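Written out below as structure tokens is the structure these notes cover.
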Amino acid sequence: MSAAKDVTALRKEFGRTKVKQVIEFRGEHTVVVKLEALKEILAYCRQEKGYDFLLDVCSVDNMGEDPRFEIVYELATIDDRKHLRVKAKVSEEEEVPTVVDLWKTANWHEREIYDMMGIRFTDHPNLKRILMWEGYPYYPLRKEFPLAGKPSEMPDVAFSGVAPLVGGPFVTGPGSDRVSGEPRAKGES
């Protein structure tokens, strides 16, 4: 079965009230669904349609629109025969149901989305920051966050001393040309 047939099956199974839009562009298939039906539709994709590989979960900040955010799931089959994108719009007040119980790889993806965008996931087993420190009051990937960043109380972690990997298994030499400057295993010429 193909992703195109799966999209047709999704429309038939869930109707136009839950599957709001279907987009086909250059052979890629995207299904836009209602947030309330997201978990149900993703479970159907996993259990009934064989999408056993969660490639990615990401979010989009459409500042100025309502709802502001969009959550995007990239699904595939392990044998790489089918790919499907599932999207849902999310307002600033809404929470997204976790899919960690469907794909364990969603754990870190959802934590990163929470950390960088502030979108919360209900029933997540460990929803805490993954890149920024606990207590950091901002969400760095939101569009209102300044590109230069914001001042913080964290100590400066930049350094100018000897690189921490000097003498390690892979080293970079200051060669005069690009080839000799490439990282290589110790002892390789």
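Every number in this text was worked out from the coordinates using simple rules, so none of it is lab data. What you see is a predicted model; the values in this text were computed from it and never measured. Heads up, the Cβs are rebuilt from the backbone with ideal geometry, glycines too, and the neighbour counts pull from every protein chain shown.
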Notebook entry, point to check: Can you find a residue in the range 9-26 that is closer than 24 Å to Arg142 by Cβ, among the hydrophobic types (A, V, I, L, M, F, W, C) and either under 18 Å from the mean Cα position of the chain (by Cα) or buried (at least 20 other Cβ atoms within 10 Å of the Cβ) (or both)?
Noted result: no
Next item on the list: Kindly list, by first and then second residue, each pair from a residue in the range 30-54 that is at positive phi to a residue that is part of a helix (DSSP H, G or I) and crowded, with 16+ Cβ neighbours inside 10 Å, limited to pairs with Cβ atoms under 9 Å and residues at least 6 apart or on different chains.
Entry: Gly50/Asp6
Margin query: Can you report the number of residues in the range 1-37 which are out of contact with any strand residue (DSSP E or B) (no Cβ under 8 Å at 6 or more places or on another chain) and among the basic types (Lys, Arg)?
Written below: 4
Notebook entry, point to check: What single numbered condition from (1) touching a residue at least 60 places away in the same chain (Cβ under 8 Å); (2) touching an Asp or Glu at 6+ places or on another chain (Cβ under 9 Å) fails to hold for Leu131?
Noted result: (1)
